[in-house]
């Protein structure tokens, strides 16, 4: 198990969060083997199916089980290549089918309300930073990890450690996405203005000390964590008066949905989001239809039957 975790961390260079999830999945696999009374590498498809049935009976969602099975499948695929097992016992085992939920996205008015929100009484440093974060998340559709990993400028250290950077002059954000894939995403005029305002204040509290290369800093001058970004976006959405708390990935969903509604160009949205497969992007076509259905119900005189 440790050899496999080293493989995904150092050879495949998966994100730290992904490696942590793989480790948790392997712990579940070890418990499955213990319950079956067989060594880990002697598990058979029947044992895996029994574990799936137990997880489903315990109330775990089909989506959650599918993610666990994906981790197990990857482990046994690696083990087969190492000659540790003759075949992959997870191959062909599927999670219970469940309807795929639509990603939660804000309406255009709500997204603009959040992006335009200003809190006059707030600390100007915090206000400028949080406003710039929201503009980049919604305006460029970044993942929260991609946002946290941005530096102010390119450097050999950023390249070496897999970080991204911004180019205000070109109006582009260069990010390192999932699977170590780099992509460049345009940033809008509003995001550029917000970033210029933030960069003018960014280093002020740390004038006497070294400043981290990170674009977004915390109070101590260190790179802001993804957890802190989640908390700040949630707090800002509540202060802006939105009906439900907003998280960073909701802004990414909103970006994709709104671009698709306006352009109808699914391939372009795929490139902007950095999806390896068009299938991951196609879910936004369902969001688009949902929007059209609401417009139809609200506008067409024969859309709803009168009781």
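All of the numbers you see were taken from the coordinates with simple rules; none came from a lab. Keep in mind the model is a prediction, meaning the values are calculated, not measured. We place every Cβ from the backbone using ideal geometry, glycine too, and count neighbours over all the protein chains shown.
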Nearest 10, in degrees from 0 to 90: the angle of helix 45-57 to the longest Cα principal axis of the chain is 50
Taking Cα pairs closer than 8 Å and at least 6 residues apart, the relative contact order of region 2-81 in percent is 28
Once both label points are put 7 Å beyond Cα along the C-beta direction, the residue 159-residue 122 separation in nm becomes 3.6
Longest principal axis of the chain (C-alpha) makes with the long axis of helix 124-140 (C-alpha) an angle, in degrees to the nearest 10, of 60
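At 0.36 nm per residue, and after removing the present C-alpha to C-alpha distance, how many nm does the segment from residue 297 to residue 201 gain when stretched out fully?
Details: separation 96, 0.36 × 96 = 34.56 nm, distance 4.75 nm.
Computed gain between residue 297 and residue 201 is 29.8 nm.
Express in % the proportion of alpha carbon pairs of region 2-81 at distances exceeding 20 Å.
For region 2-81, the fraction of Cα-Cα distances above 20 Å is 31 percent.
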Compactness summary of region 108-293: radius of gyration and Dmax from Cα atoms, Å, are 16.4, 57
Longest principal axis of the chain (C-alpha) makes with the long axis of helix 16-36 (C-alpha) an angle, in degrees to the nearest 10, of 20
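Would you please give the FRET efficiency between residue 94 and residue 169, computed as 1/(1 + (r/R0)^6) with r the Cβ-Cβ distance and R0 = 51 Å, to the nearest 0.05? Mind dumping the intermediate values first?
On the way: r = 50 Å, r/R0 = 0.98.
Using R0 = 51 Å, I get an efficiency of 0.55.
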Under the 7 Å Cα-to-Cβ spin-label approximation, residue 87 and residue 27 lie apart by a distance in nanometres of 3.2
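Using Cα pairs closer than 8 Å and at least 6 residues apart in sequence, work out the relative contact order for the chain, in percent. Write down the numbers at each step before the final one.
Working: 347 pairs, mean separation 48.5, N = 307.
Relative contact order for the chain comes out at 16 percent.
Order of 55-63, 88-96 by packing, highest average Cβ count within 10 Å first?
Values: 55-63: 13.1, 88-96: 16.6.
Descending mean neighbour count gives 88-96, 55-63.
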Expressed in nanometres to one decimal, the distance between label points 7 Å along Cα→Cβ at residue 268 and residue 112 is 1.9
Per the 1/(1 + (r/R0)^6) rule, R0 = 30 Å and r from the Cβ atoms of residue 11 and residue 225, FRET efficiency to 0.05 is 0.70
